Amino acid sequence: MKISVVGTGYVGLVTGTCFAETGNYVTCIDINRGKVDSLRSGKIPIYEPGLEEVVLEARGVNLFFSTEIDKNIAEADIIFVSVNTPTKTFGQGAGRAADLQYWEKTARQILDNSDSPKIIVEKSTVPVRTAVAMERILNSNSKGLSFDVISNPEFLAEGTAIQDLEKPDRVLIGGRETPSGQKAIQSLVDVYAHWVPRERILTTNLWSSELSKLTANAFLAQRISSINAIANLCEKTEADINEVAHAIGTDSRIGPNFLRASVGFGGSCFRKDILNLVYLCDFYGLPEVARYWEQVIKMNEFQEANFVSKMVTAMFNTVAGKRIALFGAAFKAHTSDIRESPALAVCRELVGERAQVVLSDPHALENARQDLGATAEQVIFEPDPYTAAREAHAIAILTEWPQFAELDYQAIYDEMVHPAFIFDGRNILDHRALFETGFNVYAIGKPPLTSFAS
Ligand code: UDX
Ligand code: UDX
């Protein structure tokens with residue numbers, strides 16, 4: 001198959017690479033020339049374990065990078081569209097609806113450059129019923145061409161993207177129930193069947209597929225907000241959230257995954273997709289349903305803000321002028337991605353409180369610096385956590401990088417200002433051992449361990 005992928009961001013690059021790895025001829029297209037040039041020269045713009053090896057092996061053999069949308073559209077059998085679909089910042093639905101301008105522009109470019117029928121695959125997360133608009137744009141042509149739009153949402157998670165693609169829980173493909181729609185679905189099933197067992201390839205109608213993506217992300221985020229909500233109650237009642245999570249997770253109906261209480265969820269998808277779901281519910285006259293899902297976001301916003309409040313309260317109600325080392329900038333471990341990262345929300349709040357913030361992360365510091373904009377001038381960026389914590393009053397763990405759990409906290413403690421505080425926003429440290437070292441320890445959903453009389 002000749003496959004073109006339009007939009008070589010996180011999703012496009014990883015999926016395009018995987019299609020090449022499985023024997024297809026793939027061109028990844030992007031309007032960003034700098035990104036394309038860097039990929040052509042073998043530099044991977046994102047940190048994703050295992051991705052570089054696969055790209056370097058296929059690059060120039062059956063994986064190509066280009067800015068030329070026209071030529072590559074004309075030659076492709078299947079076109080995957082993975083341009084970004086951010087939250088709208090203007091006009092109707094601002095702050096909630098998806099901004100589909102790049103998607104629509106891409107559809108028109110596909111139309112302008114096609115002289116044979118094509119299969120167009122929605123890879124970007126889009127609102128349910130987006131395919132109607134795309135079909136109308138594509139099929140309103142005077143060339144007599146017909147296009148099939150199918151939905152094939154991406155479920156890969158950053159940090160484990162390669163294994164998620166190589167061994168997916170399932171692949172979802174939605175299409176029209178017409179003969180040509182079914183034929184298009186079959187073409188894509190054949191592409192995946194090279195490495196995915198047939199029973200893991202689910203086919204549905206278009207709308208179920210589009211809605212399943214939003215629903216999957218909403219359910220995942222809802223679990224985190226649910227466990228975080230209970231974590232707050234634990235902090236008031238001397239229950240321990242890890243024990244509660246384990247106790248409920250052993251119920252096979254609930255299951256153990258995605259029950260890690262934290263400073264909050266981040267990433268480019270959860271917030272955007274739930275806001276989009278909320279907008280759709282309101283749009284379709286279902287305000288009660290909209291408010292239900294909106295609460296998942298509000299709980300997450302509370303979790304981030306409350307983490308900072310707890311820090312300030314614990315540190316005698318002021319952090320002004322105090323050096324605070326933040327361990328972690330990425331929105332989760334094993335990625336350099338900082339989009340919607342709770343670490344940066346905490347960083348901004350603490351800068352607002354006039355703390356002297358030192359940010360440390362093994363892979364995400366450069367992205368963090370860019371994302372923080374003017375605030376970056378008030379932040380120290382320090383890759384070495386030992387240096388970051390030297391003479392600090394407090395440490396906050398904000399990303400669950402495993403290396404943060406392996407540091408020599410006795411050595412760190414010895415060089416900090418005392419009383420020394422540690423706030424574990426990811427519950428990855430040995431809290432009892434830290435307390436015995438001398439730290440005042442505050443974790444998520446656990447009673448604090450402090451040397452102060454209450
Ligand atoms: C994003 C969204 O986060 C995800 O929900 C959606 O499903 C797909 O888009 P991601 O790949 O992480 O996922 O986004 P991003 O890294 O921003 O990549 C989008 C790429 O599309 C960028 O490289 C951008 O330059 C490119 N693009 C955008 C085009 O090539 N053409 C356009 O018209 C617009
Ligand atoms: C998510 C979905 O998992 C993926 O299927 C979809 O395609 C894109 O969105 P991603 O954003 O890469 O993937 O990461 P994910 O592992 O889902 O984590 C999202 C956030 O939730 C991170 O900030 C993570 O630290 C946090 N998280 C996750 C928790 O706080 N607790 C948990 O138990 C799990």
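Derivation of every value follows stated rules applied to the coordinates shown; laboratory data play no part. Remember, it's a predicted structure, so these values are computed and weren't measured experimentally. Heads up, the Cβs are rebuilt from the backbone with ideal geometry, glycines too, and the neighbour counts pull from every protein chain shown.
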If each residue of separation counts as 0.36 nm, what is the full-extension length gain between Glu52 and Ser38 once their alpha-carbon separation is subtracted? 3.8 nm
Per-peptide average of other Cβ atoms within 10 Å, ordering 87-100, 184-197, 145-158 highest first: 145-158, 184-197, 87-100
Quick one: angle between helix 287-314 and the longest Cα principal axis of the chain, in degrees between 0 and 90, rounded to 10, please. 30
Relative contact order of the chain, pairs being alpha-carbon contacts under 8 Å that are 6 or more residues apart, as %: 11
What percent of all Cα-Cα pairs in the stretch 15-139 falls in each 10 Å bin, counting up from 0? 12, 38, 34, 15, 1
In square nanometres and to one decimal, what's the mean projected area of the convex hull around the Cα atoms of the stretch 184-331? 13.4
Using only Cα atoms, locate the centre of the stretch 19-59 and the centre of the stretch 154-196, then give the distance between them in Å, rounded to an integer. 20
How would you rank 19-28, 218-227, highest first, on the average number of other Cβ atoms within 10 Å across their residues? 19-28, 218-227
So, relative contact order of the stretch 72-186 in percent, Cα under 8 Å, 6 or more apart, is 22
For 40-52, 409-421, ranked highest to lowest by mean beta-carbon neighbours within 10 Å, the order is 409-421, 40-52
Residues with beta-carbon under 14 Å from that of Lys298, excluding Lys298: net charge, scoring Lys, Arg +1 and Asp, Glu -1? 0
Cα gyration tensor, the stretch 81-168 - rounded (a/c under 1.5), prolate or oblate: oblate
Can you work out the Karplus-derived ³J(HN,Hα) for every residue in the stretch 373-381? Use 6.51 cos²θ - 1.76 cosθ + 1.60 with θ = phi - 60°, whole Hz, and x for glycine or proline. x, 5, 4, 4, 5, 9, 10, 9, 9
Distance in Å, no decimals, from the C-alpha centre of the stretch 339-372 to the one of the stretch 397-454 is 20
Using alpha carbons only, how many degrees (0 to 90, rounded to 10) separate the axis of helix 342-352 from the longest principal axis of the chain? 50
When only C-alpha pairs under 8 Å and at least 6 residues apart count, what is the relative contact order of the stretch 359-425, in percent? 34
Tell me the mean residue ellipticity at 222 nm calculated for the chain from its helices only (DSSP H runs of n ≥ 4, each -39500 (n - 2.57), averaged over every residue, nearest 500). -13500 deg cm²/dmol
Using the alpha-carbon atoms, what tilt in degrees (0 to 90, nearest 10) does helix 130-139 show relative to the longest principal axis of the chain? 30
May I have the extent of the alpha carbons of the chain along their three principal axes, as whole Å values ordered from largest to smallest? 80, 50, 44
Work out the FRET efficiency for Glu238 and Asn139 from their Cβ-Cβ distance, taking R0 = 41 Å, and round it to the nearest 0.05. 0.05
